[in-house]
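Below is one structure, written out as structure tokens; comments come after it.
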Amino acid sequence: MRSTSGPEAGIAPERRSRIPRGLWSGFRRTGTMAAGTVLAVVATVITGPVASADTAPDPVTAANPPTVSADPLPTVQVDGVVWQQVIVGNTVYVAGNFSTARPAGAAPGTNTVPRNHILAYDLTTGVLRQSFAPSLNAQARTITASPDGSRIYVGGAFTAVNGTPAYRVAALDPTTGAMISSFRPAPNSRVETIVATADAVYLGGWFSAVGSSPRAKLAAVDAGTGALRGWNPSAAGGDVTAMVISPDRTKIVVGGSFTTLNGSSNPGYGLGAVDATSGALRPWSVNGLIRNGGPNAAITGLSADAANVYGTGYVFGSGGNFEGTFSANWADGSLRWVEDCHGDTYGVSPVGEAIYTVGHAHYCGNIGGFPETNPRSWQRALAFSRSATGTVARNGSGSYFNFQGNPAPSILTWFPRLDAGTFTGQSQGPWTVTGNADYVVLGGEFPRVNGKAQQGLVRFAVRSIAPNTSGPVVTDASASPTLTSPAAGRVTVRWTAN
């Protein structure tokens, strides 16, 4: 469920275990014992936040593919929040709510340059692209590229680009950031998501009209001229927050808080598929299981690979049943797998055989992952196997929907630590994730990654190009073991788990 209670609180309760064989070498004897003395040691492990990744599992299997490293790479920083990124070649384009950018390592307010709600940076270096500096007069919520990379499409709440009127959606030159003046649709409210083909640009969001023509949260315009097309599916009862188009460009999957799509609530309750030409409803059977709609629940993110669609969601109250990530078959929307980690999930991106997600998960025990802690702690970035490898167990924490018996992926060893930020007032870290064959990039409002200052943007790389130096992160005042003797011949050792 959505949490606005502030940053992670403390460490988990103590737990007892034997000292692993490999840790003995780290203890030095500081005194002497009589020959034959037997010393019994009871180890108390205090669990703390960790940063880890399995970049070279042995063996590599469908249940255990390699992940990118947990090493945060230096990346340009922002002073607000990043809502979405898109990778085009070696450039990452960024949309959000911010007014300045600064280099990696620079403290807030130092070495800043103006960047009004949009910027671009080099994927391999993390350095700001100086030539791309368009200026929006209000926040950008979504960003994508034309299939050939010749245009960058951006949508949001703005009404001007570079001082020229542009109502909530614009096309930009990918090098200079200049607005392409021939493309000027005019939705009457915020654009939350954009999907582009060579011929058409599909819009989703809050709007009820484009220009003088009614459009209920969904519309399509000509990619060249911006002229409104006849495509006119209707989402009602809530907004559209995410879309993704099939590899053959014949259907578009739509997600959000709407309760009907083209008048249907199954499929169409927060999730559904429509024809990319006619707008007619297409079969999408996973909506019979995944039910998020109305004011208290939504599908928050959608992405895809050649075979599958991946979606994320949140629920806080009535009207929904799903937090976590699902995978569905492109052909008919039948379920591939579901992971029901408790805690909102906001974005998802498939990269090779791993599926990366961002949110604030606090319990993944139903699929064999980490338990609930007291006080509660959150893992804000996770990875899962692309393949289904098991089944969901009966829900073991809280009054959440029971997805028991459905196919489930494996949770992978990729646990970077991202702190919650304050910019949105929602106490969240990353809001978006995307990647390519070499990198996974996260954006949001986090101020630190693995305990090091890195605000709003961060990159992670595959093993061959990563430093591979990140290890467990200790945030407590001291990680030094403490030794006490509760009885003759016994020593209790307490240390923070790494």
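The values are calculated or read from the model by the stated rules, or taken from the named source; none is laboratory data. Just so you know, these numbers come straight off a predicted model, no measurement behind them. Neighbour counts run over all protein chains shown; Cβ positions are idealised from the backbone, glycine included. Each accessible area value is taken on the protein alone, full model and side chains, heavy atoms only, with ligands, DNA and RNA left out. Shrake-Rupley method; radii C 1.70, N 1.55, O 1.52, S 1.80 Å.
Given R₀ = 45 Å, FRET efficiency for THR277-ASP173 by Cβ-Cβ distance, to 0.05?
With a Förster radius of 45 Å, E is 0.95.
In a shell of Cβ-Cβ distance under 11 Å around PRO447, excluding PRO447 itself, what net charge do Lys and Arg (+1) and Asp and Glu (-1) give?
Net charge around PRO447: -1.
Quick one: accessible area per residue over segment 304-404, 1.4 Å probe, rounded to a whole number of Å²?
That works out to 31 Å² per residue.
Plugging the Kirkwood radius over Cα pairs into Stokes-Einstein for segment 190-237, at a temperature of 4 °C and a viscosity of 1.567 mPa s, what D comes out in µm²/s?
The Stokes-Einstein estimate is 122 µm²/s.
Counting only trypsin sites (Lys or Arg not before Pro) that sit in a DSSP loop (anything but H, G, I, E, B) with at most 10 other Cβ atoms within 10 Å, what is the longest stretch of the chain containing none of them?
With trypsin sites (Lys or Arg not before Pro) excluded where exposed in loops, the chain gives 30-393 as its longest stretch.
Which whole-Hz ³J(HN,Hα) couplings does segment 219-232 yield from phi under the Karplus relation 6.51 cos²θ - 1.76 cosθ + 1.60, θ = phi - 60°, glycine and proline marked x?
7, 9, 10, 5, 5, x, 9, x, 5, 5, 9, x, 4, 8
For segment 346-399, with all protein chains present and a 1.4 Å probe, just round the carbon and sulfur fraction of the accessible area to a whole percent.
Here carbon and sulfur together make up 45 percent of the probe-accessible area.
Through the Karplus equation 6.51 cos²θ - 1.76 cosθ + 1.60, θ set to phi - 60°, convert the phi angles of segment 252-266 into ³J(HN,Hα) values in whole Hz; use x for Gly and Pro.
10, 8, 10, x, x, 9, 4, 10, 9, 10, 6, x, 9, 9, 7
log₁₀ I(q)/I(0) of segment 233-363 at q = 0.12, 0.17 Å⁻¹, via Debye over equal Cα point scatterers, no solvent, to two decimals?
At q = 0.12, 0.17 Å⁻¹ the computed log10 ratios are -0.37, -0.77.
Taking only Cα atoms of segment 218-266, what ratio of Rg to Rh do you get with Rh as the Kirkwood inverse-distance radius?
Using only Cα positions, Rg/Rh for segment 218-266 is 1.00.
When ligands, DNA and RNA are left out and all protein chains stay put, how many square angstrom of accessible area per residue does segment 166-273 have with a 1.4 Å probe?
Solvent-accessible surface per residue comes out at 33 Å².
At 7 Å along Cα-to-Cβ for each site, give me the label-to-label distance between ASN436 and ALA393 in nm.
4.1
Could you tell me which label, among (i) 56, 26, 20; (ii) 43, 26, 18; (iii) 58, 29, 20, carries the value of semi-axes √(5λ) of the Cα gyration tensor in Å calculated for this structure?
Checking each listed value against the structure points to (ii).
Round to a whole number: what % of the accessible area of segment 157-275 belongs to carbon and sulfur, probe 1.4 Å?
49
Give the separation of the Cα centroids, segment 310-358 to segment 57-93, in Å.
For segment 310-358 versus segment 57-93, the Cα centre distance is 18 Å.
Around GLY268, what is the net charge, scoring Lys/Arg as +1 and Asp/Glu as -1 over all other residues with Cβ under 13 Å from its Cβ?
Charge balance near GLY268 sits at +3.
Which residue, GLY343, MET243, THR469, has the largest displacement toward the positive end of the dipole of the chain when charges sit on each Cβ (Lys, Arg +1; Asp, Glu -1)?
THR469
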